[in-house]
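Chemist: Before I ask anything, here is the structure I am working with.
The values are calculated or read from the model by the stated rules, or taken from the named source; none is laboratory data. Keep in mind that this is a model prediction, so the values were computed, not measured. Here Cβ is always computed from backbone atoms with ideal geometry, including for glycine, and neighbour counts include all displayed protein chains. For the accessible areas, the whole protein counts, side chains as well, though only heavy atoms, and no ligand, DNA or RNA atoms are used. Shrake-Rupley method; radii C 1.70, N 1.55, O 1.52, S 1.80 Å.
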Amino acid sequence: MNARYPVARPRRLRRTAAMRRMVAGTRLHPAELILPVFVKEGIAEPQPVDSMPGVVQHTRESLRKAAHEAAEAGVGGIILFGIPAQKDARGSGADDPDGIVQAALRDLTADLGDALVLMTDTCLDEYTDHGHCGLLTADGEVDNDATLERYASAAVAQAAAGSMMIAPSGMMDGQVEAIRAALDGAGFAEIPILAYAVKYASGFYGPFRDAAECAPQFGDRSAYQQDPAGPVGEALREVRLDLAEGADAVMVKPGLAYLDILRQVRDLVEVPVAAYQVSGEYAMVEAAAANGWIDRERVIMESLIAIRRAGADMILTYWATEVARALS
């Protein structure tokens, strides 16, 4: 760059809103947004989540309304998390044909057709009475290989009920391969897998555990989710492994605290990359805005632009419908 001030004046391209729009290097589109939703069995009215103002545990009926609103706003997809009325050690509700997620999928498929991509979280923590993401051994460790069988069964049940994309989030070794084999064997070779390939053992998940009622009853998930201080190479290795096992897209979770990882994943792969703007990120913005400390709408958009700029093709965000309306 040879020109210097006063010949070079970068502000020239920032003078007006029209000029800034024209030269913007990062844009959001409603179709890139995915709305996480919680549906709970056995409730008559939507239940507010205290730690996530504006988010509820849906009834099947209120979920149908929320999904319609998302579709009308142009949101690309929704991802379902289910809360069963009864939980047990093996997470039986995860693959029950009449389980809450499978019932909700049939509702939404009938209502919406393919107006939205209906995605499902494939894990066990919402369904187990101990709150961990898999089956436990006698000494309380998560049994990786036994858990794979449960994930595979849940994925097939979800696909049979209408899921258009399976999203395994449990961070078990081999989970993508097990699910891919099960889907193909059951006649669902066309269903893609969005792998939670890079998922950290993060403190930002706290409000989600209120919403999904899935806090571990002992210990934590550090033995299977990634260490926030772990080497970058570990994250990239997880991505490579999931792609080798048949993942069609990969995810980084959480979003804002791991933008550096997101960028490196984007540079590594040729498949779509998603990022999850998680519950703690949402809750902090809502709490600060409620106290008048920040400009809520401005911060929401800025945070999403940051995630998009770092390389995300898709963003899971609890503001998906609101933001899609604003963009339209």
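Chemist: Measuring from label point to label point, each 7 Å out along Cα→Cβ, what is the residue 290 to residue 181 span in nm?
Modeler: Here the answer is 4.7 nm between the modelled labels.
Chemist: Among 52, 26, 67, which residue has its Cα furthest toward the positive end of the charge dipole of region 4-71, with +1 on Lys/Arg Cβ and -1 on Asp/Glu Cβ?
Modeler: Farthest along the dipole direction, towards plus: 26.
Chemist: Work from the charge dipole of the chain (Cβ charges, +1 for Lys and Arg, -1 for Asp and Glu, about the Cα centre) and give the residue of 135, 285, 230 farthest towards its positive end.
Modeler: Ranked along the dipole, the leading option is 285.
Chemist: If you don't mind, there's one more thing I want to ask. If we count every other residue with Cβ under 14 angstrom of residue 50's Cβ, Lys/Arg +1 and Asp/Glu -1, where does the sum land? List each step's numbers first, then the result.
Modeler: Details: positive: 209; negative: 210, 213, 286.
Combined, the nearby Lys, Arg, Asp and Glu give -2.
Chemist: While we're looking at this one, here's another question. Which of the chymotrypsin sites (Phe, Trp or Tyr not before Pro) across region 254-312 are loop residues per DSSP, with 11 or fewer other Cβ within 10 Å?
Modeler: Numbers: sites: 258, 276, 282, 293; in loops: 293.
The qualifying sites are 293.
Chemist: Determine ³J(HN,Hα), in whole Hz, for all residues of region 88-101 in sequence, where each value follows from phi through the Karplus function 6.51 cos²θ - 1.76 cosθ + 1.60 and θ = phi - 60°; x replaces Gly and Pro.
Modeler: 8, 5, 9, x, 4, x, 5, 10, 5, x, 9, x, 4, 5
Chemist: Still on this structure, please answer the following. Mean projection of the alpha-carbon convex hull of region 259-328 over all orientations, in nm²?
Modeler: Details: hull surface 20.0 nm².
Mean orientational projected area (region 259-328, Cα hull): 5.0 nm².
Chemist: Tell me the accessible surface of residue 130 in square angstrom (1.4 angstrom probe, heavy atoms of protein chains only), to the nearest ten.
Modeler: The accessible area of residue 130 comes to roughly 20 Å².
Chemist: Please give the contour-minus-distance gain from residue 16 to residue 137: 0.36 nm per residue of separation, less the Cα-Cα distance, rounded to one decimal in nm.
Modeler: On the way: separation 121, 0.36 × 121 = 43.56 nm, distance 6.23 nm.
Between residue 16 and residue 137, full extension yields 37.3 nm more.
Chemist: Same structure again: Given the options 109, 120, 16, which has the most mean-square fluctuation in a GNM of the chain, springs set between C-alpha atoms less than 10 angstrom apart?
Modeler: Looking only at 109, 120, 16, the biggest GNM fluctuation is shown by 16.
Chemist: Once you put a point 7 Å from the Cα of residue 85 and another 7 Å from the Cα of residue 69, both along the Cβ direction, what distance in nm separates them?
Modeler: About 2.6 nm separates the two model spin labels.
Chemist: A follow-up question, please. How charged is the neighbourhood of residue 299? Take every other residue with its Cβ under 14 Å from the Cβ of residue 299, and add Lys/Arg as +1 and Asp/Glu as -1.
Modeler: On the way: positive: 296, 298; negative: 281, 286, 295, 297, 302, 322.
Net of charged neighbours comes to -4.
Chemist: Sort 273, 156 by accessible area with a 1.4 Å probe, largest first. Don't jump to the answer; show the numbers that get you there.
Modeler: Working: 273 0, 156 40 Å².
Largest accessible area first, the residues go 156, 273.
Chemist: Also: Take the chain, connect every pair of alpha-carbon atoms lying under 10 Å apart with a spring to form a Gaussian network, then pick out the residue of 231, 36, 84 with the largest mean-square fluctuation.
Modeler: Per the Cα network of the chain with a 10 Å cutoff, 231 tops the list.
Chemist: May I ask what percent, to the nearest 5, of DSSP beta bridges between residues of the chain are antiparallel? Don't jump to the answer; show the numbers that get you there.
Modeler: Numbers: 3 of 35 bridges.
Close to 10 percent.
Chemist: Could you order 177, 126, 322 so the one with the most accessible surface comes first? Probe is 1.4 Å. Mind showing how you got there, number by number?
Modeler: Details: 177 110, 126 0, 322 75 Å².
Highest to lowest solvent-accessible surface, that is 177, 322, 126.
Chemist: Same structure again: Please compute the contact order of the chain in relative form: average sequence separation of alpha-carbon pairs under 8 Å and at least six residues apart, divided by the residue count, as a percent.
Modeler: Numbers: 630 pairs, mean separation 62.3, N = 328.
It comes to 19 percent, rounded to a whole number.
Chemist: So how much accessible area does residue 43 have, in Å² to the nearest 10, using a 1.4 Å probe?
Modeler: About 40 Å², ignoring ligands and nucleic acids.
Chemist: Another one. If Lys and Arg each add +1 and Asp and Glu each add -1, what is the summed charge of the other residues whose beta carbon sits under 15 Å from the beta carbon of residue 3?
Modeler: On the way: positive: 4, 9, 11, 12; negative: none.
That works out to +4.
Chemist: According to the square roots a ≥ b ≥ c of the eigenvalues of the Cα gyration tensor, what is the shape class of region 186-252, taking rounded for a/c under 1.5, prolate for a/b larger than b/c otherwise, and oblate for the remainder?
Modeler: In terms of gyration-tensor shape, oblate.
Chemist: In Å², and per residue, what accessible area does region 47-138 have when probed at 1.4 Å with the other protein chains present?
Modeler: On the way: 3390 Å² over 92 residues.
I get 37 Å² per residue for region 47-138.
Chemist: Apply the Debye scattering formula to region 1-100, with a single equal point scatterer on each alpha-carbon and no solvent, then give log10 I(q)/I(0) at q = 0.13, 0.16 Å⁻¹.
Modeler: -0.65, -0.82
Chemist: Return the long-range amide H neighbours of residue 122 (sequence gap of 5 or more, or a different chain), with a cut-off of under 5 Å between placed amide H atoms.
Modeler: 167, 169
Chemist: At 7 Å along Cα-to-Cβ for each site, give me the label-to-label distance between residue 241 and residue 45 in nm.
Modeler: The answer from the label model is 4.7 nm.
Chemist: Looking at the chain, identify the longest residue range that excludes and avoids all trypsin sites (Lys or Arg not before Pro) in DSSP loops having at most 15 other Cβ atoms within 10 Å. Display every interim value, and only then the final one.
Modeler: Numbers: sites that count: 4, 15, 27.
Between the exposed loop sites, the longest stretch runs 28-328.
Chemist: Identify the GluC sites (Glu not before Pro) of region 251-296 meeting these criteria: DSSP loop state and at most 14 other C-beta atoms within 10 Å of the C-beta. Mind showing how you got there, number by number?
Modeler: Working: sites: 270, 281, 286; in loops: 270.
Taking region 251-296 and a limit of 14 other Cβ atoms within 10 Å, the loop GluC sites (Glu not before Pro) found are 270.
Chemist: Which label marks the calculated value of mean projected area of the Cα convex hull in nm², given the options [x] 18.9; [y] 17.8; [z] 15.3?
Modeler: Given [x] 18.9; [y] 17.8; [z] 15.3, the calculated one carries the label [x].
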